[in-house]
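The values are calculated or read from the model by the stated rules, or taken from the named source; none is laboratory data. Since the structure is predicted, the reported quantities are computational estimates derived from the model, not experimental observations. In this analysis, Cβ positions are derived from the backbone assuming ideal geometry, glycine residues included, and neighbour counts consider all displayed protein chains.
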Amino acid sequence: DAGITQSPRHKVTETGTPVTLRCHQTENHRYMYWYRQDPGHGLRLIHYSYGVKDTDKGEVSDGYSVSRSKTEDFLLTLESATSSQTSVYFCAISGSGGSSSYNEQFFGPGTRLTVL
Amino acid sequence: GESVGLHLPTLSVQEGDNSIINCAYSNSASDYFIWYKQESGKGPQFIIDIRSNMDKRQGQRVTVLLNKTVKHLSLQIAATQPGDSAVYFCAENPGNMLTFGGGTRLMVKP
């Protein structure tokens, strides 16, 4: 398995509270991604990073922010969690991407977030 | 484990039989495709990929076929085993980001 860990693995929080999810990789891959997975929607890209301090929005970025201060860590923050953000969140990494089409991505184990 | 889809298409096969899982992709500009396997409670696991300049690629017990004319991708699993039970989904790359399909649940009957 690719060296990707996510923390926490499970979290229950209340509406309006801030939440930060962490993705940590040991592969020294340049690209990192945050996805959410919901029934009926499959995997949807929230934000991605193409290097330290370089990030961009994905398909469903509203209500989320990210930061990448080190190659190995990519943080996803929900500034004020809402019930619609209840989901399973996956981090992925890729050694290539951007202008390269052949960006196979490897996924972490996921974080189940429940917002009450 | 995590629910990856409440109304996924399901393919049920007998152990030892071959399985064929299909995927229709949407963008004719896509030039790279991946099949992932996702077991309950786990993240998607890379199985096999194929570039658009190929129409077939084989791995260990798996084969991916690409038909660009009809924008169709298939994953064939030979001698299906109980451990193959999972949700399988394809991903396409029309530019710089992967787009994922909804998935098919494979159930293997002993």
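Brief remarks on what is shown
- Of all residues assigned to region A:17-33, at least one qualifies as being under 19 Å from residue B:91 (Cα atoms), surrounded by 21 or more Cβ atoms within 10 Å (Cβ to Cβ) and within 11 Å of the chain's Cα centre (by Cα).
- In region B:77-108, the residue that is farthest from the other protein chains (Cβ to nearest Cβ) out of those that are at pLDDT 95 or above and surrounded by fewer than 16 Cβ atoms within 10 Å (Cβ to Cβ) is B:79.
- Filter result (assigned to a strand (DSSP E or B) and either surrounded by 15 or more Cβ atoms within 10 Å (Cβ to Cβ) or on the phi > 0 side of the Ramachandran plot (or both)) within region B:66-76: B:66, B:73, B:74, B:75, B:76
- Of all the numbered requirements in (1) more than 13 Å from chain B (Cβ to nearest Cβ); (2) under 16 Å from residue B:98 (Cβ atoms); (3) of a type outside the set (Gly, Ala, Ser), residue A:28 misses one, and that requirement is (2).
- Region A:48-94, residues that are surrounded by 16 or more Cβ atoms within 10 Å (Cβ to Cβ), within 14 Å of another protein chain (Cβ to nearest Cβ) and over 20 Å from residue A:114 (Cα atoms): A:48, A:49, A:50, A:55, A:58, A:92, A:93, A:94
- When the test is whether a residue is among the hydroxyl-bearing types (Ser, Thr, Tyr), at pLDDT below 95 and either on the phi < 0 side of the Ramachandran plot or not in a strand (DSSP E or B) (or both), residue A:102 passes it.
- Within region B:23-38, if we keep just the residues that are surrounded by fewer than 22 Cβ atoms within 10 Å (Cβ to Cβ) and among the aromatic types (Phe, Trp, Tyr), the residue that is nearest to the other protein chains (Cβ to nearest Cβ) turns out to be B:32.
- Within region B:4-22, the set of residues being at pLDDT below 95 and either crowded, with 19+ Cβ neighbours inside 10 Å or in a loop (DSSP other than H, G, I, E, B) (or both) comprises B:4, B:5, B:6, B:7, B:8, B:9.
- Selection within region A:12-53: residues that are of a type in the set (Asp, Glu) and in a loop (DSSP other than H, G, I, E, B). The member of this set that is nearest to residue A:106 (Cα to Cα) is A:27.
- Candidate set: region B:43-65, residues that are outside any strand (DSSP E or B) and of a type outside the set (S, T, N, Q); chosen: the one nearest to the chain's Cα centre (by Cα): B:44
- Residue check, residue A:109 surrounded by fewer than 18 Cβ atoms within 10 Å (Cβ to Cβ), at the interface with chain B (Cβ under 9 Å from one of its Cβ atoms) and touching a Lys or Arg at 6+ places or on another chain (Cβ under 8 Å): yes
- Residue that is nearest to residue A:4 (Cα to Cα), among those in region A:78-94 that are β-branched (Val, Ile, Thr) and not in a loop (DSSP other than H, G, I, E, B): A:93
- Within the option set A:30, A:22, being among the basic types (Lys, Arg) and touching a Pro at 6+ places or on another chain (Cβ under 9 Å) holds for one residue only, A:22.
- Evaluated against (1) free of Cβ contacts under 8 Å to residues at least 12 places away in the same chain; (2) in a loop (DSSP other than H, G, I, E, B), residue A:56 falls short on exactly one condition, (2).
- Qualifying residue in region B:49-57 (condition: touching a Lys or Arg at 6+ places or on another chain (Cβ under 7 Å), within 13 Å of another protein chain (Cβ to nearest Cβ), β-branched (Val, Ile, Thr) and without any contact (Cβ under 8 Å) to a residue 60 or more places away in the chain): yes
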